[in-house]
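Trainee: Mind looking over this structure? Questions follow.
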Amino acid sequence: MEKFRCFYLDPSIEEPFSLENSFYNKTLNPLDWFNHLFEEEVTITKVNNGDVVIKVVGVTICNTDIYEILNRGRRKKNVSRRSGKIFLGHELVGVIVRIGNNVEKFKKGDLVCIGDFNTCKAFNIEPVCDSCKNGKGIVCTHKHRRKFTSQSYGGFSEFLVRSEQQVFKLPPGFNHQSACLVEPAALAHYCFRKIERKASNVLLLGCGTIGVLLVRLIKYYFKDNVKIFCLSNNATHLETATKSGACFVSSEITAFEESAKNFRSESGASIGGFDYTFDFIGQSFSINCGIQLTKPNGSIFELAFPSTPIGIDIDTLVRKEINLSGLHGYEASSIAKNHDFQCVVELIDNELINVNDLISRTVPFSNIKEVLINECLTNMKRDNGVPWFRTFAQT
Ligand SMILES: [Zn+2]
Ligand SMILES: [Zn+2]
């Protein structure tokens with residue numbers, strides 16, 4: 001196999017200085033902080049049974065990629081580092097160029113994206129855990145037993161290797177930009193499926209790419225029967241949420257609470273708060289705002305990954321009997337309507353929901369390292385996130 005460029009993060013490399021300090025200290029160059037990111041010429045020498053080699057044709061940058069780089073491969077502050085190279089990039093579209101023995105579902109030339117559908121099977125772990133049996137490989141209970149091979153690579157590399165269990169086949173000719181958004185849209189679809197049809201209102205705290213996709217899915221399935229409220233301090237996100245069907249958006253928590261109260265008294269639809277709240281922000285203020293604004297016996301879904309423990313108003317949570325659940329991923333169920341990848345691919349393919357406008361900029365794939373560093377720095381310098389949705393790197 002030809003030589004190609006791979007991108008990785010080495011979590012064992014020490015931080016040369018604090019990135020925050022380098023913004024104020026003129027003797028430090030923020031670019032030097034990224035000494036843990038590498039590009040290397042590599043090749044693939046062996047394709048194992050059940051594995052496929054994918055040539056990347058496009059990839060989008062997810063916030064989890066940015067945080068992984070900014071946290072230098074640590075999941076949380078003060079938590080031990082992961083060992084070995086970390087290959088980033090999971091929102092990708094590619095073409096299968098080689099298949100290993102015993103691959104059943106794919107052939108050369110197939111257009112694909114990737115996801116965690118059955119982690120146990122993908123890593124030959126036995127017995128297969130209950131989560132994986134039910135298509136929830138993302139919450140696999142045997143995750144700690146995964147053995148990554150040094151030649152797996154990721155979406156920011158020119159080629160990657162995956163088990164066929166981690167690959168999803170797209171219709172031929174499926175738009176490449178849309179294909180990269182299938183994974184975040186699948187997560188939004190999973191969020192949507194938590195909302196019962198009898199709901200009258202939903203609150204979104206933060207509305208980046210997944211939030212806006214959730215707005216569009218609610219709008220598509222429930223029309224105007226469910227009112228959608230969004231709170232964010234990112235003007236670009238709020239504008240798109242409004243265009244996508246949110247009936248009320250605000251960047252001010254106080255103004256928002258006021259308007260939420262007005263909305264409740266005017267509509268009389270759901271006295272006492274929101275039926276469902278989705279928190280994409282993951283800070284004390286956002287979760288507690290959710291607890292204040294969710295109605296008794298309502299549900300809050302938390303989707304963010306706070307890097308430090310945060311204070312939650314348990315007293316109010318208990319008094320209002322609010323259900324607070326974590327929500328991490330999609331499902332690859334054998335029941336078609338519960339297979340989130342399948343559902344969103346059909347919706348996009350039939351032009352029932354639009355995702356392409358969430359590609360805010362297109363950059364050359366060959367510059368991926370610079371682009372990632374730039375995106376990290378923009379993210380660090382603004383407390384309201386990057387003023388765009390997804391960046392698409394095209395090979
Ligand atoms: Zn993602
Ligand atoms: Zn499992």
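The values are calculated or read from the model by the stated rules, or taken from the named source; none is laboratory data. The model shown is predicted, which means the values in this text are computed figures rather than measured ones. Methodologically, a virtual Cβ is constructed for each residue, glycine included, from the backbone with ideal geometry; neighbour enumeration extends over all protein chains shown. These accessible areas exclude ligands, DNA and RNA; they are computed on the full protein's heavy atoms, side chains included. Shrake-Rupley method; radii C 1.70, N 1.55, O 1.52, S 1.80 Å.
Trainee: If you place +1 on the Cβ of every Lys and Arg and -1 on the Cβ of every Asp and Glu, how big does the dipole about the Cα centre of the chain come out, in debye to the nearest 20?
Mentor: Around 740 debye, computed over the chain.
Trainee: With a Förster radius of 41 Å, plug the Cβ-Cβ distance of residue 198 and residue 380 into 1/(1 + (r/R0)^6) and report the FRET value to the nearest 0.05.
Mentor: Calculated value: 0.45.
Trainee: Let me ask another. Between residue 224 and residue 41, 0.36 nm times their residue separation minus their Cα-Cα distance comes to what?
Mentor: 60.6 nm
Trainee: Right, something else. Apply the Debye scattering formula to segment 195-326, with a single equal point scatterer on each alpha-carbon and no solvent, then give log10 I(q)/I(0) at q = 0.14, 0.17, 0.22 Å⁻¹.
Mentor: -0.55, -0.84, -1.47
Trainee: Once you have the Cα-Cα distance between residue 150 and residue 2, take 0.36 nm times their residue separation minus that, and quote the gain in nm to one decimal.
Mentor: 51.6 nm
Trainee: Additional query: Report, in degrees rounded to the nearest 10, the 0 to 90 angle that the Cα long axis of helix 182-192 makes with the longest principal axis of the chain.
Mentor: 30
Trainee: State, to one decimal in nm, how far the label point of residue 23 lies from the label point of residue 130, with both points 7 Å from Cα in the Cβ direction.
Mentor: 4.5
Trainee: Take every DSSP beta bridge with both residues inside the chain and express the antiparallel ones as a percent of the total, to the nearest 5.
Mentor: About 55 percent, rounded to the nearest 5.
Trainee: Once every DSSP H run of n ≥ 4 in the chain is given -39500 (n - 2.57) and the sum is divided by its residues, what mean residue ellipticity at 222 nm do you get, rounded to the nearest 500 deg cm²/dmol?
Mentor: Helices in the chain give a 222 nm mean residue ellipticity of -8000 deg cm²/dmol.
Trainee: Can you tell me which of 178, 152, 360 moves the most in a GNM of the chain? Springs connect C-alpha atoms under 10 Å apart.
Mentor: 360
Trainee: Next question. Please report, in whole Å, how far the alpha carbons of segment 7-155 spread along each principal axis, starting with the longest.
Mentor: Over segment 7-155, Cα extents along the principal axes are 57, 33, 24 Å.
Trainee: Express the accessible area of segment 195-326 per residue in Å², computed with a 1.4 Å probe while the remaining protein chains stay in the model.
Mentor: On a per-residue basis, segment 195-326 sits at 45 Å².
Trainee: Ignoring ligands, DNA and RNA, please state the percent of accessible area on the chain from carbon and sulfur, probe 1.4 Å.
Mentor: 48
Trainee: If you rank 67, 220, 190 by how much accessible surface each has, with a 1.4 Å probe, what is the order from largest down?
Mentor: The ranking, largest first, comes out as 67, 220, 190.
Trainee: Let me ask another. Roll a 1.4 Å probe over the protein heavy atoms and report the accessible area of residue 348 in Å², nearest 10.
Mentor: Residue 348 has an accessible surface of roughly 20 Å² with all protein chains in place.
Trainee: Relative to the first principal axis of the alpha-carbon coordinates of the chain, what is the inclination of helix 340-349, with its axis defined by its Cα atoms, in degrees from 0 to 90 and to the nearest 10?
Mentor: That works out to roughly 90 degrees.
Trainee: Same structure again: Rank 273, 326, 385 by mean-square fluctuation in a GNM of the chain with C-alpha springs under 10 angstrom and give only the top-ranked residue.
Mentor: The residue that fluctuates most here is 326.
Trainee: Also, quick follow-up: As an exercise, find the ratio Rg/Rh for the chain from alpha-carbon atoms, using the Kirkwood inverse-distance average for Rh.
Mentor: Computed over Cα atoms, the ratio is 0.97.
Trainee: Further, regarding this structure: Among 170, 225, 18, whose Cα lies farthest out toward the positive end of the dipole of the chain, if unit charges sit on the beta carbon of Lys, Arg (+1) and Asp, Glu (-1)?
Mentor: Positive-end residue among those listed: 170.
Trainee: For helix 209-222, what angle does its Cα long axis make with the longest principal axis of the chain, in degrees from 0 to 90 and rounded to 10?
Mentor: 60
Trainee: Order these peptides, 327-335, 201-209, 114-122, by their mean beta-carbon neighbour count within 10 angstrom, highest first.
Mentor: 201-209, 114-122, 327-335
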